[in-house]
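Single-structure report; data block below.
The values are calculated or read from the model by the stated rules, or taken from the named source; none is laboratory data. Just so we're clear, the structure is a prediction, and the values are computed from it rather than from any experiment. Positions of Cβ are generated from backbone atoms using ideal geometry, with glycine treated the same way; all protein chains shown enter the neighbour counts.
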Amino acid sequence: MKNFIVKPLFLLALLVGASMAVASCDKDNNFTRRNILQVDESYGYTNINLQDCQYNLDNMPVEALSPAEQNSILFMREEEKVARDIYLKFQEKWNLNAFSNISASEQTHMDAMLKLITRYNLTDPVGSNGVGVFANNDLQTLYDALLLQGDASLIEALKVAALVEEVDIVDLQTALSTVVDNQDVEMVYENLLAASRNHLRAFVKNLQNQGVTYVPQRLTQAEYDAIINTGWEHGQHGG
């Protein structure tokens, strides 16, 4: 008689524990994700609203990261720094509002990536590194080469800026399609991707104002045309 009582109680405890585990993983089911993009339609620079980004993250489950996802997060944190640092340097050299405004936007992109790093207890590769200093050797090489190219003229600087946004777009698209499956990481990446497309549009517009037609260097012509022929993007809720 005792065995018949203990077994059902044991099964009940297992079921309750399983239901609690599912509830913790699905904590985002009952909240509305906030749009975290702030777009200036006059100039196209696009910030991440960090308060709303944190709100979304607070209501989403913390799931296990694959090694590939961890590496992607750390890489994207520094790749956003490449954009910020180059635009800061170009602003000093060429005194163009686009560089000033978009470098400030890139700081919010870096901060959004830092939120993911903090959330998953990863070691920040940026740390106290100053402008132009990178832990990733490939990104250091890229930064040095692009900075030199953009030092030649304002038009070359704008071409470099457009290329930087192309690189961001391709890397984010690749990560989303091959590496990222955590919904919180996906939410941040999708918004960064929309912001990069806006920034590409902004730099291309600045080149057009200089009488220059930009030729894409990383995107296919069809991918590039689809971006340029679409208006400013105002947000990706990530699901």
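Going residue by residue through segment 40-52, is there one that turns out to be part of a helix (DSSP H, G or I), buried (at least 20 other Cβ atoms within 10 Å of the Cβ), of a type outside the set (V, I, T) and modelled with pLDDT of 95 or more? Can you show your working first?
Our first condition is that a residue be part of a helix (DSSP H, G or I); within segment 40-52, this holds for 50-52.
Those still in the list that are buried (at least 20 other Cβ atoms within 10 Å of the Cβ) too: none.
So far as segment 40-52 goes, no, none of its residues is part of a helix (DSSP H, G or I), buried (at least 20 other Cβ atoms within 10 Å of the Cβ), of a type outside the set (V, I, T) and modelled with pLDDT of 95 or more.
Screening V204 with (1) buried (at least 19 other Cβ atoms within 10 Å of the Cβ); (2) in contact with a Phe, Trp or Tyr (Cβ under 7 Å, 6 or more places away or on another chain); (3) closer than 26 Å to A68 by Cα gives one miss only, at (3). On the given criteria, is H199 modelled with pLDDT under 95 and of a type outside the set (F, W, Y)? No.
Against the definition (at pLDDT 95 or above, part of a helix (DSSP H, G or I) and surrounded by 17 or more Cβ atoms within 10 Å (Cβ to Cβ)), how does V170 come out, yes or no? Working first, answer last.
Numbers: at pLDDT 95 or above: yes; part of a helix (DSSP H, G or I): yes; surrounded by 17 or more Cβ atoms within 10 Å (Cβ to Cβ): no.
For V170, the condition - at pLDDT 95 or above, part of a helix (DSSP H, G or I) and surrounded by 17 or more Cβ atoms within 10 Å (Cβ to Cβ) - is not met.
Conditions (1) surrounded by 20 or more Cβ atoms within 10 Å (Cβ to Cβ); (2) of a type in the set (S, T, Y), marked per residue:
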| site | (1), (2) |
| --- | --- |
| T178 | no, yes |
| Q183 | no, no |
| V188 | yes, no |
| N198 | yes, no |
| G211 | no, no |
| T220 | no, yes |
| W232 | no, no |
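Being of a type in the set (G, A, S), modelled with pLDDT of 95 or more and outside any strand (DSSP E or B) is the requirement here; does A98 meet it? It is true that A98 is of a type in the set (G, A, S), modelled with pLDDT of 95 or more and outside any strand (DSSP E or B).
Which of the residues belonging to segment 111-137 are crowded, with 20+ Cβ neighbours inside 10 Å and either under 15 Å from A202 (Cβ atoms) or not aromatic (F, W, Y) (or both)?
So in segment 111-137, the residues crowded, with 20+ Cβ neighbours inside 10 Å come out as 112-113, 116, 134.
Correct list: A112, M113, L116.
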